[in-house]
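Below is one structure, written out as structure tokens, with a few remarks after it.
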Amino acid sequence: MAATLSHKTCTLTILLAFFVYIALATQVTHDGRSILINGERKIILSGSIHYPRSTPEMWPDLIRKAKEGGLDAIETYVFWNAHEPKRRQYDFNGNNDLIRFIKTVQDAGLYAILRIGPYTCAEWNYGGFPVWLHNLPGIELRTDNKVFKDEMQNFTTLIVDMIKEENLFASQGGPIILAQIENEYGNVMSPYGDAGKAYINWCAKMAVAQNIGVPWIMCQQSDAPQPMINTCNGWYCHDFTPNNPNSPKMWTENWTGWFTNWGGKLPHRTAEDVAYAVARFFQTGGTLQNYYMYHGGTNFGRTSGGPYIATSYDYDAPLDEYGNLNQPKWGHLEQLHSVLHSMEKVLTYGDIVTIAMNNLVNVTKYSYNNSSSCFISNDNTTNDATILLGGQKYTIPAWSVSILQDCQKEVYNTAKVNTQTSMMVTKPNEAEEEPRSLAWSWRREQISKNVVQGRGSFAAHGLIEQKAATNDTSDYLWYMTRVNLDKNDIIWSDDMRIRVNSSGHVLHIYVNGQDLGYEYANDYPGYDYGKDDSYGINSFEKKIKLKAGKNVIALLSATVGLKNYGAYFDMVPTGITGPVELLGVRGDETVIKNLTLHTWSYLTGLQGLDRDMLFSERSVHATRWRSSGDFRINTTLTWYKTTFKAPIGTDPVVVDLTGMGKGAAWVNGQSIGRYWPAFVAGEDGCSLDACDYRGQYDNNKCVTNCGKPTQTLYHVPRSFLKDDVNTLVLFEEFGGNPSQVNFRTVTIGGACAKVYEGNSLNLSCNGKPISEVKFASYGDPQGVCDSFGKGSCEGTNDAHAILTKACVGKETCSVDVTEAVFGDASNCSDKAKRLAVEIVC
Ligand code: GAL
């Protein structure tokens, strides 16, 4: 009896657990219209936040701001080389704590979209592939190759199993509603031929076999095999149609701006244009959209891709690199999200009828039961349109979309921004009495005896590709060879030279231990879609002095982020590819001695950086720092160290590295990334006129920072700082002067707005009091933010006094932009009236 009872109890418990499990599970399916959550069609607004590009301490705040911005989901890639830096040795700590990140998303009540890849692109070093993968015998990446497929399956399974273990798939009650395999393979597939096709079919099968209980997606894969859903990436995706009637129209990457490269300008994409793209997408039947990026963040350590991706990955995203609201983008999109959510039923269940009008205007009506919503789009880049609909007149500015609730009331127009523009500033570190004069100690990077004598850790005939030699464990690789000369040698002359061809990004030349200078590739090729040739220093020629007898030539090659995109991007050579030649110039005659096929010795990394780890507080070798005597500036391979107090408060912290050349920086032993303030962007292309939001965006439109260093400010996450004394270490490669280096905080200095009547204006100083109203006028104010002026008409009430009363001393304030508040403005005739305001924080 007792046995039967306990058997029954046991069965009951199992059943109960099963039902609880079923009750907790979220069913995610899809039809041709949308993703269905527990059988209901949904509009899903999502944003990319890559966990290793911020810190776990930042995640809750970023995710909260994403939620407040009206997002339903957070999307991230999974970064293979961050998690498996050495084969079968894994790292899921700190910024790499994927599970903690997804749980933070879950705690905020948002869904997650997991792009496992494991190829990511993402301007991430080597597209996320570990370089040891490239060095496995017999491997070919991203094609029908067993060695690669086994590794890809191994890593994918590891991630899926970890996620399952923590019940994080929606099918287990977790937040993950979609997963992605591969990434934009369709863009680069054709050179891989039939093997590419076989590979993508294998990817689909392998993914399905993981049995995750939620749908899989493949982006930019127009031949995605069922049941993979193919999705669109780009600045616009309204013309996209999935390849199967049962696949909903989904947009995995709406690029909110663009990334920055060393030597490049800073890209911006207007809030109006991002909103236009989103509204056009939902007008044309789209139901899931993801911002790439919603928060771009920082490429810490050696994580940035290449060549030449900068440390800041700000992306002009709705949340800036440090996590501040990037206004007006964040707010303008938040309003759009709220309108789209309010129309969820009609957008996902309604009938859609679109009527094309003249001049690139389209009117789309969604109707469901008794409700309806309309979109009127105007794709014309210069002409505003006036449309009569249901007896009412609507004016649609060029390159904009109006959304009409019940097909009557305009509740949103993508070109009418009613959100403040925040003006971010940096402030000196008030914790320091004299913030500008940090006290420095320094030491030279020691060129080891081995290098001077040309002894490496191994030797080979000929030149070895850098990735093959280093496994990318360092940016640096020494190539060393010995040359015996006597005065009868064919090249012996008064004018002897060395000529080096290198695919490495930077090259330093040493002869017999003497530094002959450096060179770097500076014609950045841009985002070379489809281009798969190499990039580096074509030919670097230097005069050298050789002695009779034994000479040691040591070439130091450095990479600045490995290529991350293109067909066969993984095969693009890095390092000194040759030829390496000695030249003897006698009058018109040049004699060449080719060293390419010599015996070369190889040594990965630099002594202080890779072996002694001088940046680390725990390094026993970090002695012999000199703080007095002949302080060295503008010398290559030099270390600098200083201490500083953590800035007071909670504002994000940056270090301004103006004056430094190129190198890497650490705060309390933690890497804040590579730096390169000496790399200055070109002079041309920053004209403000070029930043009309109307017309197709591309990454050369709306750039700023012409003629200035690409990046002088480097993010120091608050969690890297201690309350008392902190240490900054710089490894300077090219030569710099740290005297101007200083710590600063990033904060809002003021804000301005130009809001149409009928809306409310909300002003905020991000938690600080508004100190002054600098300008206010209701009517037809002129000019742009920072330089507003009164127009030809104004309301009868004193706008400045109204705003001062409502806002000064408060952290936020709100006013209705109406004649009732600002007085009769009939002198403005029938112009749309606007309130322009500028405040100081
Ligand atoms: C896409 C890619 C992303 C990212 C983006 C540009 O092609 O899928 O990972 O690289 O371009 O930022």
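The values are calculated or read from the model by the stated rules, or taken from the named source; none is laboratory data. Here the structure is a predicted model, which means the values were calculated and not measured. Because the Cβ atoms are built from the backbone with ideal geometry, glycine has one as well, and the counts that use them run over all protein chains shown.
Tabulated values for the structure
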{"quantity": "The one condition in (1) out of contact with any Cys (no Cβ under 8 Å at 6 or more places or on another chain); (2) within 16 Å of the ligand (Cβ to nearest atom); (3) closer than 30 Å to Thr354 by Cα; (4) outside any loop (DSSP other than H, G, I, E, B) that Gly257 fails to fulfil", "calculated": "(4)"}
{"quantity": "Options Asn233, Asn183; residue that is within 16 Å of the ligand (Cβ to nearest atom), under 30 Å from Thr270 (Cα atoms) and assigned to a strand (DSSP E or B)", "calculated": "Asn233"}
{"quantity": "Residues located in region 569-590, provided they are away from the ligand (no atom under 16 Å from the Cβ), not hydrophobic (A, V, I, L, M, F, W, C) and not in a strand (DSSP E or B)", "calculated": "Pro573, Thr574, Gly575, Thr577, Gly578, Pro579, Gly587, Asp588"}
{"quantity": "Unique residue being in contact (Cβ under 8 Å) with a residue 12 or more places away in the chain and away from the ligand (no atom under 16 Å from the Cβ) when the list is Met206, Met250", "calculated": "Met206"}
{"quantity": "The one condition in (1) within 16 Å of the ligand (Cβ to nearest atom); (2) closer than 30 Å to Gly682 by Cβ; (3) not in a loop (DSSP other than H, G, I, E, B) that His268 fails to fulfil", "calculated": "(3)"}
{"quantity": "Yes/no for Ala806 being within 24 Å of Asp830 (Cβ to Cβ), more than 37 Å from the chain's Cα centre (by Cα) and free of Cβ contacts under 8 Å to residues at least 40 places away in the same chain", "calculated": "no"}
{"quantity": "Failed item, numbered, when Asn380 is tested on (1) over 30 Å from Gly323 (Cα atoms); (2) in contact with a Gly (Cβ under 6 Å, 6 or more places away or on another chain)", "calculated": "(2)"}
{"quantity": "Which numbered condition Thr284 fails, given (1) polar (S, T, N, Q); (2) farther than 30 Å from Ala664 by Cα; (3) touching a His at 6+ places or on another chain (Cβ under 8 Å); (4) within 16 Å of the ligand (Cβ to nearest atom)", "calculated": "(4)"}
{"quantity": "Number of the exception - His134 against (1) within 25 Å of Asn471 (Cβ to Cβ); (2) out of contact with any Gly (no Cβ under 9 Å at 6 or more places or on another chain); (3) crowded, with 22+ Cβ neighbours inside 10 Å", "calculated": "(3)"}
{"quantity": "Exclusive hit being at pLDDT below 95, within 22 Å of His134 (Cβ to Cβ) and either in the same structural domain as Ser304 (by TED's automatic domain parsing) or within 16 Å of the ligand (Cβ to nearest atom) (or both), set Gly504, Gly566", "calculated": "Gly566"}
{"quantity": "Qualifying strands (runs of 3 or more DSSP E) (wholly inside region 647-734; at least 2 residues being in contact (Cβ under 8 Å) with a residue 24 or more places away in the chain, farther than 21 Å from Ser304 by Cα and not assigned by TED's automatic domain parsing to the domain that holds Asn522)", "calculated": "725-732"}
{"quantity": "Condition met for Ala279 (modelled with pLDDT of 95 or more, closer than 27 Å to Leu713 by Cα and away from the ligand (no atom under 16 Å from the Cβ))", "calculated": "no"}
{"quantity": "Region 738-766 residues that are under 21 Å from Leu728 (Cβ atoms), paired with ones that are in a strand (DSSP E or B) and of a type in the set (S, T, N, Q) (beta carbon under 7 Å, 6 or more apart)", "calculated": "Arg744/Thr426; Thr745/Thr426; Val746/Thr426"}
